[in-house]
Amino acid sequence: MSYHLMAILVMFVISIFGYIYGRRQWARHVTAEREVLRFRERYRKLVDTVEGVVWEAETAVDTLRFTFVSARAERLLGYPVTEWLSDPDFCHNHIHPEDHDRVMDSCRVMVREKRSRQFDFRMIGANGCTLWLRNTASVITEDGHSPILLGLMVDITERREMLDSVRESEAKFRSYIEFAPIGVSVADLAGRYVEVNRTGAAMLGYSEAELIGMSITDLMPLESRETGLRNFEKLKEEGSAMRESLMVRKDGSLAWVSLQAVKLDSDRFIGFFQDITERKQTEQALISAKEAADAANAAKSQFLANMSHELRTPLNGIIGMSGLLMDTDLTPEQLEYARIALKSSKELLDQIDELLDFARIEAGKLLFEKSDFNLRTVMKDTMQILSLQAEEKSLQLAWQVEPDVPLHLRGDPGRLAQIIRNIVGNGIKFTRQGGVTVHVNRVAEETQSVTLRFAVTDTGIGIPPEYQGSIFTPFVQVDDSSTNQYRGTGLGLAISSQLTELMGGSIDVASSEGSGSTFHVTLPFEKQGQKPVTVKEDETEAIIVNHDASAPQRARILLAEDHATNRRVIRMILNKLGYETDAVANGFDAVKALEKASYDLVLMDCQMPEMNGYDATAVIRDPKSGVLNHATPVIALTANAMAGEREKCIEVGMDDYLSKPVLVQDLETILKKWLGNK
């Protein structure tokens, strides 16, 4: 009994303990299940936060069967997660047809080689749009189970579109460069070519492949390479450059190129270059032509200067001796001969002056001064000179300035007088009876300027209409019969026209054949700031006369002139004017004379042997020289009447200028200016 009870009791206890153990085990199992579920939920939430689609799939024969996809799958492609998991042909139906086989091949390779891979492919979304996805996948294998693929798909559509756009742009850019009509090259930091387009290679005679790896200095002349390297270093610092330079072609010939270079990125530079060899050759040809023209002009100017000297030198003797001869005791017939010789010499001098003025204008070397002058005085002096020609032909000569015309002007009175003299002289020449009148009136006036019109009217032969357009052309006269009857160079009106234009004015003519002509010259002038105080001529002379009245003396003049005839003529004129004169034949002797004695004035010829007048004057002005008086006035005597001669004389230290042939009245005027009444 006791045995059975004991057995029952034991079984009861065992049952009790078994129940308790089972309950505990069940509780543990339930807890574990709950933990697993909680873990899975946390895992899913974590996966759903990942940027992209987390997926798990099993491999089939021709496709993949998804066993898990994250919630982002639906947001990415628009298909519900259940469709991803339930449709065994989901991959086959929605991977882009062109990419399906490639994707499956990649998956099979991963399973076979048991390694991870990354690849890009396209899938078609629920809305029909194609998306580019980047897939990173790994293989998970467990014993007794088929391999499982676990991966992450990320949307790279925008990135791929941007990359495709960049590639398309780069392709277009490279196409533009490759077929550009100019040379394009890319160089690295070491200055070696990494890319050259076909135009640039052809320009230099190379193939594109030959230029790759060559240094930029390989294409430079030897003498330019150091400069080229400095310029390249400067390009690195500044980031851009532009210049013209020489490059050496493959055959050794040189090509001028216009180069523009900019920094492409941190270690590359792109250069654009264009062949300008032809342009440079044209420029050089133009420069050479200009130099040749300048040389020709210089030669012409020198020729004219020499001719001026050679013509004026003998004229100086003729005019001077004729003037002296007329002051001697001559018979009426001899006096008439001397007067004709003097008149002819002066006409020849006028023609030489016209030719020289025309040459100056053509060479652009005609100088204009700007000084204050009185219009009435200029007109009076000019018409006074012309009155002798009018008297010889018994013609009337008259002039009038309207009362409202300002008289105190600023401009070039010498050129104004030359224009009036040429036109009036032309009228006198072509007028047999009647006369020539000059009328001056105001055209326009402002505060500081005035425009005047000079109307020169003659009663001469007139100008046929067909010739009126050419009378201002150099060397042109109306016709041969006129040329024979009315001598002249045909330059007077041409010079007047050119002078008028250079002074900012205009000239025209109105004429009828047989009824005379009227020339209109319109010129602008500045008005003087203040009306100058006028001094009557007799008052001016009185001041000069009284200047040295307390100590009258005879001035001593040194004449330096190499031409024997001119030296004799000028010395005779000086003696006749009452001056004491010593004469030497060159500048060296002039300096020696000034070292031995003091002179009141020196008349210095500019062109002399041994030492010319310019060098002699420089010695006279040099305080270290042995000349007794370094301040002695030096007056230039020159037969060179070309532009710039006066300035040259003043620049070397001469005080004034006298052009040959020396006329008595001109010499007397300049001596009074510098010596007073000595």
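The values are calculated or read from the model by the stated rules, or taken from the named source; none is laboratory data. Because the structure is a prediction, the values reported are computed rather than measured. Reconstructed Cβ throughout: ideal geometry from the backbone, glycine too, with neighbour counts over all protein chains shown. The protein model used for the area step is the full one, side chains on, heavy atoms only, and it has no ligands, DNA or RNA in it. Shrake-Rupley method; radii C 1.70, N 1.55, O 1.52, S 1.80 Å.
Being assigned to a loop (DSSP other than H, G, I, E, B), of a type outside the set (Val, Ile, Thr) and modelled with pLDDT of 90 or more, is that true of even one residue in the range 646-654? Within the range 646-654 (the criterion being assigned to a loop (DSSP other than H, G, I, E, B), of a type outside the set (Val, Ile, Thr) and modelled with pLDDT of 90 or more), the answer is yes, since at least one residue qualifies. On the stretch given as the range 589-610, residues that are over 18 Å from Leu675 (Cβ atoms) and open to solvent by 40 Å² or more (accessible area, probe 1.4 Å) total 7.
If I filter the range 187-198 for residues that are surrounded by fewer than 12 Cβ atoms within 10 Å (Cβ to Cβ), not in a helix (DSSP H, G or I) and not charged (D, E, K, R), do I get at least one hit? Among the residues of the range 187-198, at least one is surrounded by fewer than 12 Cβ atoms within 10 Å (Cβ to Cβ), not in a helix (DSSP H, G or I) and not charged (D, E, K, R), which makes the answer yes. One residue stands out among those in the range 40-57 that are of a type in the set (D, E, K, R) and at pLDDT below 85: the one that is nearest to Met110 (Cα to Cα), which is Glu51. Looking only at the range 103-117, decide whether some residue is at pLDDT below 90, open to solvent by 70 Å² or more (accessible area, probe 1.4 Å) and in a strand (DSSP E or B). Yes, the range 103-117 has at least one match. Every condition in (1) hydrophobic (A, V, I, L, M, F, W, C); (2) within 21 Å of Asp265 (Cα to Cα); (3) open to solvent by less than 80 Å² (accessible area, probe 1.4 Å) holds for Met162 except the one numbered (3). Note on the range 165-177: residues that are open to solvent by 70 Å² or more (accessible area, probe 1.4 Å) and hydroxyl-bearing (Ser, Thr, Tyr) total 1.
Here the condition is being part of a loop (DSSP other than H, G, I, E, B) and over 30 Å from Gly529 (Cα atoms); of Leu330, Leu355, it holds for Leu330 alone. Which residues, taken from the range 390-426, are open to solvent by 80 Å² or more (accessible area, probe 1.4 Å) and polar (S, T, N, Q)? Across the range 390-426, the qualifying residues are Ser394, Gln396, Gln400. Is it the case that the range 256-266 has a residue that's open to solvent by 70 Å² or more (accessible area, probe 1.4 Å) and under 30 Å from Leu356 (Cβ atoms)? Scanning the range 256-266 turns up no residue that is open to solvent by 70 Å² or more (accessible area, probe 1.4 Å) and under 30 Å from Leu356 (Cβ atoms). Could you list, in sequence order, all residues of the range 593-644 that are of a type in the set (S, T, N, Q) and modelled with pLDDT under 90? Selection gives Gln607, Thr638, Asn640.
Against the condition surrounded by fewer than 20 Cβ atoms within 10 Å (Cβ to Cβ), modelled with pLDDT of 90 or more and under 44 Å from the mean Cα position of the chain (by Cα), how does Arg376 come out, does it pass? Spelling it out, it is not the case that Arg376 is surrounded by fewer than 20 Cβ atoms within 10 Å (Cβ to Cβ), modelled with pLDDT of 90 or more and under 44 Å from the mean Cα position of the chain (by Cα).
Restricting to the range 76-97, and then to whatever is closer than 18 Å to Thr130 by Cα and without any contact (Cβ under 8 Å) to a residue 12 or more places away in the chain, can you tell me which residue is surrounded by the most Cβ atoms within 10 Å (Cβ to Cβ)? Among those that are closer than 18 Å to Thr130 by Cα and without any contact (Cβ under 8 Å) to a residue 12 or more places away in the chain, it is Asn93.
Counted as qualifying within the range 362-472 are the strands (runs of 3 or more DSSP E) with 2 or more residues that are within 20 Å of Leu499 (Cβ to Cβ), in contact (Cβ under 8 Å) with a residue 60 or more places away in the chain and not polar (S, T, N, Q), namely 408-411, 435-445, 449-458. Asn231 falls short on exactly one of the conditions (1) modelled with pLDDT of 90 or more; (2) open to solvent by 50 Å² or more (accessible area, probe 1.4 Å); (3) farther than 15 Å from Leu204 by Cβ, and that condition is (2).
Of all residues in the range 553-572, those being crowded, with 20+ Cβ neighbours inside 10 Å, part of a helix (DSSP H, G or I) and hydrophobic (A, V, I, L, M, F, W, C) number 2. It is to be established whether one or more residues within the range 355-373 are buried (at least 16 other Cβ atoms within 10 Å of the Cβ), at pLDDT 75 or above and either charged (D, E, K, R) or in contact with a helix residue (DSSP H, G or I) (Cβ under 8 Å, 6 or more places away or on another chain) (or both). Yes; the residues of the range 355-373 include at least one that is buried (at least 16 other Cβ atoms within 10 Å of the Cβ), at pLDDT 75 or above and either charged (D, E, K, R) or in contact with a helix residue (DSSP H, G or I) (Cβ under 8 Å, 6 or more places away or on another chain) (or both).
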